[in-house]
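Let me begin by presenting the structure, written as structure tokens, before commenting on it.
The values are calculated or read from the model by the stated rules, or taken from the named source; none is laboratory data. This is a predicted model, so every value here is computed, not measured. Cβ: placed from backbone, ideal geometry, glycine included. Neighbour counts: every protein chain shown.
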Amino acid sequence: MQHRATSDRELGDTMNEKNDRAAWIKAGDAQCSIPAKPRALPPRLILLGAPGVGKGTQAELLCAGLGVCQLSTGDVLRAAKCLCETERTPAINDALSYMKRGDLVPDDTVLNLVRERMRCLRCRGGFLLDGFPRTVPQAKALGELLENETIRINAVLNYTLPIATIVERLSGRRTCANCKAVFHVSARPPRVIDVCDHCGGKLVQREDDRPEAVQVRMAAYEHSTKPLIEYYADHGLIRTISAEGEPERIYERTLAVLDA
Ligand code: AP5
């Protein structure tokens with residue numbers, strides 16, 4: 001695949017100009033801070049894997065390297081927390097309580113969010129879906145939406161990691177309250193403690209990274225999301241990648257898989 005960053009410096013520079021993904025996060029008429037460059041063969045990828053496996057971290061590297069946008073349903077739902085009471089629909093209030101517990105948000109709510117953001121799926125720069133689809137009904141609905149637009153997914157990247165490492169990653173995760181960049185207290189620390197390298201925002205711990213919520217999230221993954229591996233394998237799209245080791249090595253593995 002083309003459009004990859006060729007050096008750490010180039011990667012770093014691109015990441016400093018992180019797209020605010022306004023069209024995805026805010027929907028409606030919102031425009032992204034860095035408009036996507038149309039291309040002949042846009043990368044259209046789905047990231048799969050258990051909570052905490054490192055999908056968001058790889059998404060950040062892949063977005064910088066491939067020049068695509070990270071479309072995370074989790075980020076849209078978390079952004080809804082910042083809306084005032086009058087702006088929140090009952091479905092959004094419900095969704096936030098599911099998230100807090102670690103449960104999956106109902107399919108209808110998630111699919112409505114995605115439908116409101118169809119222009120991001122039509123984007124001629126491509127996309128990287130992170131955290132969606134997460135159930136077989138969501139995957140089927142996505143398949144129909146894309147088929148109507150004659151858009152095809154190139155690959156589904158399935159990241160794997162032992163559970164003990166996942167728990168370690170989740171407990172040390174810190175996320176930028178402003179631009180949503182992801183750090184880890186020891187494995188990927190920010191240059192200044194609790195301050196985002198990219199935008200200077202405050203780094204916070206997600207409320208669903210509490211041990212009780214992590215257990216619920218893992219169970220939801222086993223029950224509802226893991227069946228997607230077989231679903232997409234049947235479509236010939238699954239590419240399984242070990243998520244062990246440093247993020248940059250996993251990123252290189254991912255590029256090798258995409259090139260193959
Ligand atoms: P979402 O935001 O999608 O979260 P998730 O899938 O649970 O995944 P995470 O963001 O927790 O982990 P990640 O794999 O991205 O790992 P990360 O890169 O941060 O969803 C949250 C909730 O929203 C759901 O539980 C659900 O309620 C709801 N929701 C969202 N979408 C939905 C949908 N479609 N349907 C229904 N409900 C939905 O890495 C984790 C940590 O490890 C970080 O600190 C990172 O710095 C560190 N790290 C990463 N890679 C490495 C490495 N290689 N070595 C060492 N440390 C690393």
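Consider region 205-230. How many of its residues are surrounded by fewer than 12 Cβ atoms within 10 Å (Cβ to Cβ) and within 19 Å of residue 183 (Cα to Cα)?
Of the residues in region 205-230, 1 are surrounded by fewer than 12 Cβ atoms within 10 Å (Cβ to Cβ) and within 19 Å of residue 183 (Cα to Cα).
When you scan region 195-260 for helices (runs of 4 or more DSSP H) that lie fully inside it, which ones turn up with 1 or more residues that are touching a strand residue (DSSP E or B) at 6+ places or on another chain (Cβ under 8 Å) and assigned by TED's automatic domain parsing to the domain that holds residue 137?
227-234, 247-259
Find all pairs meeting these conditions: Cβ atoms under 6 angstrom apart; at least six residues apart or on different chains; first residue within region 153-177 and over 23 Å from residue 127 (Cβ atoms) and part of a helix (DSSP H, G or I); second residue more than 8 Å from the ligand (Cβ to nearest atom) and not hydroxyl-bearing (Ser, Thr, Tyr).
170/214
Which of (1) over 20 Å from residue 243 (Cβ atoms); (2) within 12 Å of the ligand (Cβ to nearest atom) is the odd one out, the single condition residue 150 does not satisfy?
The number of the failed condition is (2).
Go through (1) crowded, with 16+ Cβ neighbours inside 10 Å; (2) without any contact (Cβ under 8 Å) to a residue 12 or more places away in the chain one by one and return the number of the condition residue 144 breaks.
Condition not satisfied by residue 144: (1).
Modelled with pLDDT of 95 or more and away from the ligand (no atom under 12 Å from the Cβ): which single residue out of 127, 132 fits that description?
The match here is 127.
Which ones in region 223-248 are of a type in the set (Phe, Trp, Tyr) and within 18 Å of the chain's Cα centre (by Cα)?
If the condition is that a residue be of a type in the set (Phe, Trp, Tyr) and within 18 Å of the chain's Cα centre (by Cα), then 232 is the only one that fits.
Give the number of residues within region 118-133 that are surrounded by fewer than 18 Cβ atoms within 10 Å (Cβ to Cβ) and farther than 15 Å from residue 35 by Cα. Spell out the reasoning first.
Taking region 118-133 and keeping what is surrounded by fewer than 18 Cβ atoms within 10 Å (Cβ to Cβ), we get 118-119, 122, 124.
Filter once more, keeping what is farther than 15 Å from residue 35 by Cα: 118.
So the answer is 1.
Taking region 175-209 as the region of interest, how many residues are more than 19 Å from residue 81 (Cβ to Cβ), under 18 Å from the mean Cα position of the chain (by Cα) and within 13 Å of the ligand (Cβ to nearest atom)?
Total meeting the criteria: 3.
In region 150-165, what residues are of a type in the set (Val, Ile, Thr) and under 16 Å from the mean Cα position of the chain (by Cα)?
Of everything in region 150-165, those that are of a type in the set (Val, Ile, Thr) and under 16 Å from the mean Cα position of the chain (by Cα) turn out to be 153, 156, 160.
Counting just the residues of region 237-260 that are hydrophobic (A, V, I, L, M, F, W, C) and within 12 Å of the ligand (Cβ to nearest atom), which one comes out farthest from residue 168 (Cα to Cα)? Step through it out loud before you land on a result.
Kept after step one, since they are hydrophobic (A, V, I, L, M, F, W, C), are these residues of region 237-260: 237-238, 241, 243, 250, 255-258, 260.
Still in the running and within 12 Å of the ligand (Cβ to nearest atom): 241, 243, 250.
On the way: 241: 19, 243: 13, 250: 17 Å.
Ranking the candidates gives 241 first.
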